[in-house]
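Here is the structure we will look at.
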Amino acid sequence: MASLGQIIFYTMIILIVIFAAFIILILALAFSGAGSRVQSTNTSPIGNLSDDVLLSCYLNKNNHQAVNDISVTWKKANLAGLVYKYQNGAPDLTDQNSQFKGRTLPFLDKLMTGNASLLLKGVRNSDRGEYTCSISYSEGTGEVNIYLRTAAFSAPTFTLLQGILATHASWWFPKPNVTWSDYDGKVLLGNNILTESSTGIFSVVSTLQPVNNSGTYTCSIENNLLISISQATITGSNVSWSTYFTYSTASSLLASTYLITTTSIALCIYYLI
């Protein structure tokens with residue numbers, strides 16, 4: 001009969017094997033596109049409503065030689081008809097869904113080198129979802145899935161009047177949060193007013209007071225998809241600013257899961273030792 005120590009030992013071995021298999025599965029999912037024929041530079045793009053967005057899709061090859069007999073099909077999950085199709089040397093829009101008529105722009109001069117990317121014009125909220133780009137050519141076939149996320153975002157403008165620093169951004173969705181901080185990163189209390197339009201788009205107005213007549217302040221407008229970070233510098237009665245955007249990615253969840261998993265295995269090994 002096995003002793004308690006042996007039972008614990010074998011249990012730990014089993015747990016290590018399970019966790020190791022879990023890591024391998026996660027890494028396989030993360031890099032599953034690395035060796036495929038068809039790839040995308042961004043499998044989870046964010047389209048700004050009313051703007052154009054690029055759906056990237058291309059053949060994974062190391063040169064720009066012409067591809068023979070290429071055909072391309074774009075589909076959207078749970079949608080009748082196609083998004084776009086190219087075959088026999090020309091677009092074939094016979095089965096194109098009405099939602100995409102006149103809104104899909106391929107790069108025809110790049111198709112013969114394996115670039116099947118599609119520019120989707122005038123992004124709508126209904127465009128959100130999973131797209132599949134399939135490429136068939138003389139040497140084989142392949143496909144890649146792309147999940148398009150939709151949002152509304154605009155860079156804010158700043159004004160300075162009588163010691164009050166104000167910012168305005170007219171185009172945000174989903175509903176954002178606004179945070180102010182000083183040069184040292186200390187969070188400051190601002191007055192935020194968010195107004196929702198009939199179409200669900202939020203206009204942001206936020207004020208900060210009092211402010212120094214010489215200093216730099218950071219204003220962050222953030223939702224679950226992206227964040228705009230603006231640095232506003234006050235010099236006397238003038239204010240200048242710069243803004244950059246950071247977009248959320250699906251890989252962040254994967255990275256967190258991987259970290260938790262490796263930590264668990266490390267703990268198991270520690271207890272075994």
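The values are calculated or read from the model by the stated rules, or taken from the named source; none is laboratory data. Since the model is a prediction, treat every value here as computed from it, not as a measurement. Cβ atoms come from the backbone with ideal geometry, glycine included; neighbour counts cover every protein chain shown. Side chains included, ligands, DNA and RNA excluded: accessible areas come from the protein's heavy atoms. Shrake-Rupley method; radii C 1.70, N 1.55, O 1.52, S 1.80 Å.
A few comments on the model shown:
- Among the candidates 111, 165, 160, the residue that is of a type outside the set (Val, Ile, Thr) and out of contact with any strand residue (DSSP E or B) (no Cβ under 6 Å at 6 or more places or on another chain) is uniquely 111.
- Against the conditions (1) in a loop (DSSP other than H, G, I, E, B); (2) within 30 Å of residue 196 (Cα to Cα), residue 69 satisfies every one except (2).
- Residue 141 among the β-branched types (Val, Ile, Thr), exposed (fewer than 12 other Cβ atoms within 10 Å of the Cβ) and in contact (Cβ under 8 Å) with a residue 60 or more places away in the chain: yes
- With respect to the conditions (1) at pLDDT 95 or above; (2) at negative phi; (3) surrounded by fewer than 18 Cβ atoms within 10 Å (Cβ to Cβ), residue 76 falls short on a single one, namely (3).
- Some residue of region 86-100 being at pLDDT below 95 and in a loop (DSSP other than H, G, I, E, B): yes
- Of 207, 159, 195, all but one fail to be open to solvent by less than 40 Å² (accessible area, probe 1.4 Å) and either of a type in the set (Val, Ile, Thr) or more than 26 Å from the chain's Cα centre (by Cα) (or both); the exception is 207.
- When the residues of region 188-200 are filtered to those that are part of a strand (DSSP E or B) and hydrophobic (A, V, I, L, M, F, W, C), the one that is nearest to residue 166 (Cα to Cα) is 193.
- Residues in region 54-66 that are open to solvent by 30 Å² or more (accessible area, probe 1.4 Å) and not in a loop (DSSP other than H, G, I, E, B) were compared, and the one that is modelled with the highest pLDDT is 54.
- Subset of region 102-118 [among the hydroxyl-bearing types (Ser, Thr, Tyr) and not in a strand (DSSP E or B)]: 113, 117
- Leading residue by the ranking (nearest to the chain's Cα centre (by Cα)) among those in region 80-90 that are free of Cβ contacts under 8 Å to residues at least 24 places away in the same chain and open to solvent by less than 70 Å² (accessible area, probe 1.4 Å): 82
- Here residue 185 clears all of (1) part of a strand (DSSP E or B); (2) closer than 30 Å to residue 216 by Cα; (3) more than 17 Å from the chain's Cα centre (by Cα) except the condition numbered (1).
- Screening residue 149 with (1) at negative phi; (2) surrounded by fewer than 18 Cβ atoms within 10 Å (Cβ to Cβ); (3) not hydroxyl-bearing (Ser, Thr, Tyr) gives one miss only, at (2).
- Looking across region 106-125, the residues that are open to solvent by 80 Å² or more (accessible area, probe 1.4 Å) and free of Cβ contacts under 8 Å to residues at least 60 places away in the same chain come down to 108, 109, 110.
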